[in-house]
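**Q** Okay, here's the structure, questions in a sec.
Any read-out appearing in this document is the output of simple, stated calculations on the displayed coordinates, not a laboratory observation. Just so it is clear, the model here is predicted, and its values are computed rather than measured. Backbone-built Cβ (ideal geometry, glycine too); neighbour counts: all protein chains shown.
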């Protein structure tokens, strides 16, 4: 698997965006893609990537990105395992690095709260709930709620994977019928 920076990815995207032998794919969830995406990059969510392999069979090069780069690596592993013969290239840092570099994004939804803001809201409310229940009931077992949320946030920060984000992205108010 080859890795490239977002700066190189931008140059390649600008030059190759109309080249039918090259695919540019975003493997984020449909909700994440709607919130923010790079113009010219197709949405093929990681969880349905196998169902879309046939659309990539004629590609010579496939550039993959996600929000931070972790799912991009997983997607490339799946693509390689499927037997595709294309060169697979992961965009290091994904959309986060793209924005940090100052490059623009498109957004399909503007009035909805982003999934990550929902994660912060739910996590904060759960921590607060655990503390309040501990004080009101004088039962220290409620502190396990706060500890569980803290552990989840720590794992998310260390790995780039957030279970609460995945759960919230499947909620009815976050569903998008584009993929």
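**Q** Can you tell me the FRET efficiency between residue 54 and residue 129 if r is taken as the Cβ-Cβ distance and R0 is 45 Å, rounded to the nearest 0.05?
**A** On the way: r = 47 Å, r/R0 = 1.04.
After rounding to 0.05, the efficiency reads 0.45.
**Q** Sorting check: for 149-157, 26-34, which peptide has the highest mean count of neighbouring beta carbons within 10 Å, and how do the rest follow? All intermediate terms of the calculation are to be shown ahead of the outcome.
**A** On the way: 149-157: 13.9, 26-34: 24.7.
The densest-packed peptide leads the list: 26-34, 149-157.
**Q** Still on this structure, please answer the following. Going by Cα centres, the stretch 112-179 and the stretch 46-104 are how many Å apart?
**A** Each part reduced to its Cα centre gives a spacing of 28 Å.
**Q** So, R0 is 25 Å and r is the distance between the beta-carbons of residue 113 and residue 161; what FRET efficiency does that work out to, to 0.05? Walk me through the intermediate numbers first.
**A** Details: r = 21 Å, r/R0 = 0.84.
With R0 = 25 Å, the Cβ-Cβ based efficiency is 0.75.
**Q** If I model a spin label at residue 104 and residue 136 as a point 7 Å from the Cα along the Cα→Cβ vector, what separation in nanometres do I get?
**A** Going from the residue 104 label point to the residue 136 one covers 4.9 nm.
**Q** Helix-only estimate, please: 222 nm mean residue ellipticity of the chain, summing -39500 (n - 2.57) across DSSP H runs of length 4 or more and dividing by its residues, to the nearest 500. Mind dumping the intermediate values first?
**A** Values: 7 runs with 83 residues, N = 179.
Computed ellipticity for the chain at 222 nm equals -14500 deg cm²/dmol.
**Q** Okay, next question. For the stretch 115-174, calculate the relative contact order in percent as a whole number, restricting contacts to Cα pairs under 8 Å that are 6 or more residues apart. Each step should come with its number before you reach the end.
**A** Details: 43 pairs, mean separation 21.2, N = 60.
35 percent.
**Q** Please report the orientation-averaged projected area of the stretch 115-174, defined via the convex hull of its C-alpha atoms, in nm².
**A** Value for the stretch 115-174: 4.3 nm².
**Q** Enter the angle in degrees (range 0 to 90, nearest 10) between the Cα long axis of helix 6-16 and the first principal axis of the Cα atoms of the chain, meaning the one along which they spread out most.
**A** Orientation of helix 6-16: about 40 degrees from the principal axis.
**Q** Moving on. Could you check the spin-label model distance between residue 78 and residue 14? Points 7 Å from the Cα along Cα→Cβ, value in nm.
**A** Each label point lies 7 Å from its Cα, and together they span 3.2 nm.
**Q** Still on this structure: Give me the extension gain from residue 21 to residue 151: residue separation times 0.36 nm, minus the current Cα-Cα distance, reported in nm with one decimal. Please list the in-between numbers first.
**A** Details: separation 130, 0.36 × 130 = 46.80 nm, distance 4.40 nm.
Taking residue 21 through residue 151 to full extension adds about 42.4 nm, to one decimal.
**Q** Relative contact order for the chain using alpha-carbon pairs under 8 Å, separation at least 6, rounded to a whole percent? Let's see the in-between values first.
**A** Working: 253 pairs, mean separation 42.3, N = 179.
About 24 percent, as a whole number.
**Q** Return the label of the correct value of Cα extents along the principal axes in Å, as calculated from the structure shown, out of [x] 74, 45, 22; [y] 44, 31, 31; [z] 65, 34, 30.
**A** Correct label is [z].
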